[in-house]
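Contents: one structure, followed by commentary.
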Amino acid sequence: MKKTIGKRVLAVLLAAMLLCGGTAPGASAVAAGTMNIGGATGISLAANTSGAGWDWDVGSNTLALDAGYTSKAPIRIDCGSGDTINLVYSGDVAVETPSGTAVECTGSLNVSGSGGTLEITSLGGSGTNFSFGIHVSKNVAINGGTLKITATYDGIRADNVTINDGTVDIIGDWLRCIYAFNNVTVSGGTLTAEGDCAIGASDSITISGGTVRFAGDTAVGSQSQGISAQNGITISGGTVDIVSSYYGISCGTYSGTHDSVTISGGAVNIVSANWSGIYTRHGSITISGGTVDITAADHGIDACNDAIISGGSGTINAIGGSDDYGHYGYYFYPRAVCSYSGNAVIGSGMQVKGWDGSGYTLTAVPGTADFATYLDDLIRTLVDAATGDALQNIQFAPAPDTTEYFTLWGKLTGWKKNPLNWILCILCFGWIWMAF
């Protein structure tokens with residue numbers, strides 16, 4: 001009895017912490033429905049109850065798991081679509097299923113834990129019985145703890161997926177590690193993914209913090225890609241490290257009409273073994289901040305609309321390759337930055353250098369200060385005006401401001417920008433005047 005009370009107290013405390021860390025939209029006071037857990041079915045959510053290694057607290061809609069959950073049986077929570085369930089764990093906990101879904105919820109689910117690893121495994125499925133690690137009808141929020149998910153279809157699937165904190169490792173053979181029918185948001189924590197795609201979303205992906213690492217199959221014929229959305233990808237912070245065969249970052253590949261990619265901060269590193277680094281089917285690609293390093297067999301930045309670099313720093317290495325992958329022969333003309341229906345743009349405050357540090361001469365589009373573009377038979381791309389060659393390997397960074405630094409002293413201190421330097425100059429001239 002004392003153990004059960006203690007588990008319920010822990011469940012309430014963990015739920016309170018989890019709610020402070022972020023709750024999925026539409027949370028309700030008390031969930032309604034039933035639950036299958038520990039091999040038992042049809043357990044009512046309307047009353048406090050517990051079993052070996054698990055405890056349900058009706059007041060906080062919290063399911064607490066601990067190392068005593070030795071059955072490892074799959075968990076299904078049939079609640080209302082507006083209900084939010086808090087799943088918390090302590091110690092090492094395993095949930096497994098030979099096929100289908102390991103953890104399922106028909107509402108929204110918040111996940112948190114401490115002191116161990118929550119290991120979720122779905123070994124396979126066939127036909128319409130897909131293999132999911134976590135499948136939630138509405139929203140999933142990962143707010144802490146360590147999750148290890150193994151599945152052969154989607155590791156986490158929901159309407160919306162949010163990672164606020166914690167460590168999430170997802171591996172599988174044919175897998176979208178995270179898939180959302182709407183949006184995926186990463187603001188903290190670490191996601192490490194191995195499969196066909198690290199993050200997929202039918203709407204948008206937003207990364208403002210945390211770390212996303214993806215190690216995809218790079219063999220010719222593989223279609224592994226890092227992150228893919230249909231209506232927009234925004235990276236303003238955090239670290240994104242992608243190794244893929246197909247696109248590193250892609251938007252609008254299958255549908256979508258607002259498929260832009262915007263990078264304004266953070267550190268982005270992409271290696272695409274057989275295709276382009278960043279790709280949009282309809283929209284633009286804009287880099288205005290952060291650090292972006294791309295190595296790609298085809299184009300580094302491959303935009304249907306404008307391809308713009310107006311800030312930030314980094315490198316783009318379009319290395320080329322064979323056409324064994326069937327990429328329309330473009331491998332023979334890899335470009336660092338290109339656009340099919342817009343412009344290839346370098347901001348006036350930026351400088352572009354070659355791989356060896358040598359400078360390029362860029363030609364501005366008439367009537368503008370920023371555009372440096374060239375139209376060949378296929379696409380618009382950056383070109384060295386001195387040679388007429390399309391740029392393939394470049395370094396980019398803000399151009400140094402030399403207007404205020406015209407003396408050795410100015411280079412060291414920002415001579416004209418420091419009022420103390422003016423005072424020192426006046427005193428120095430005064431001393432010389434008095435001396436003579």
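Mind checking which pairs have a first residue in the range 83-110 that is modelled with pLDDT of 95 or more and a second that is outside any loop (DSSP other than H, G, I, E, B) and of a type in the set (D, E), Cβ under 8 Å, 6 or more apart or different chains?
D92/E119; V93/E119; A94/E119; V95/E119; A102/E96; T106/D78
Can you tell which of W355, W415 is surrounded by 12 or more Cβ atoms within 10 Å (Cβ to Cβ), aromatic (F, W, Y) and at pLDDT 80 or above? Break it down into steps so the answer makes sense when it comes.
Values: W415 fails: at pLDDT 80 or above.
Of W355, W415, the one residue that is surrounded by 12 or more Cβ atoms within 10 Å (Cβ to Cβ), aromatic (F, W, Y) and at pLDDT 80 or above is W355.
Any idea which residue in the range 51-77 is farthest from the chain's Cα centre (by Cα), counting only those that are surrounded by fewer than 20 Cβ atoms within 10 Å (Cβ to Cβ) and in contact (Cβ under 8 Å) with a residue 40 or more places away in the chain?
By that ranking, first place goes to G59.
Restricting attention to the range 50-70, which residues are assigned to a loop (DSSP other than H, G, I, E, B) and out of contact with any Gly (no Cβ under 7 Å at 6 or more places or on another chain)?
Filtering the range 50-70 for residues assigned to a loop (DSSP other than H, G, I, E, B) gives 52-53, 58-61, 66-70.
Residues satisfying the conditions are V58, G59, S60, N61.
Please verify whether S224 is among the hydroxyl-bearing types (S, T, Y) and either under 21 Å from I308 (Cβ atoms) or assigned by TED's automatic domain parsing to the domain that holds Y153 (or both), treating the condition exactly as stated.
It is false that S224 is among the hydroxyl-bearing types (S, T, Y) and either under 21 Å from I308 (Cβ atoms) or assigned by TED's automatic domain parsing to the domain that holds Y153 (or both).
From the set of residues in the range 188-213 that are touching a Leu at 6+ places or on another chain (Cβ under 6 Å) and of a type outside the set (A, V, I, L, M), which is nearest to K148 (Cα to Cα)?
Initial filter on the range 188-213 (touching a Leu at 6+ places or on another chain (Cβ under 6 Å)): 195-196, 212.
Now drop any that are not of a type outside the set (A, V, I, L, M), which leaves 195-196.
Details: G195: 14, D196: 17 Å.
Once the filter is applied, the top-ranked residue is G195.
Just checking, which of D159, D169, D154 is more than 21 Å from D78 (Cβ to Cβ), among the acidic types (D, E) and crowded, with 19+ Cβ neighbours inside 10 Å? Working first, answer last.
On the way: D159 fails: more than 21 Å from D78 (Cβ to Cβ); D154 fails: more than 21 Å from D78 (Cβ to Cβ).
Exactly one of D159, D169, D154 is more than 21 Å from D78 (Cβ to Cβ), among the acidic types (D, E) and crowded, with 19+ Cβ neighbours inside 10 Å, namely D169.
Please return the ranges of strands (runs of 3 or more DSSP E) entirely within the range 257-309 where 3 or more residues are among the aliphatic types (A, V, I, L, M) and at pLDDT 95 or above. Outline the logic, then answer.
Values: elements: 261-263, 267-272, 278-280, 285-296, 301-303.
Once the strands (runs of 3 or more DSSP E) in the range 257-309 are filtered for at least 3 residues that are among the aliphatic types (A, V, I, L, M) and at pLDDT 95 or above, what remains is 267-272, 285-296.
The values are calculated or read from the model by the stated rules, or taken from the named source; none is laboratory data. Note that the coordinates shown come from a computational prediction; the quantities given were computed from them, not determined experimentally. All Cβ positions, glycine included, derive from the backbone under ideal geometry; neighbour counts span all protein chains shown.
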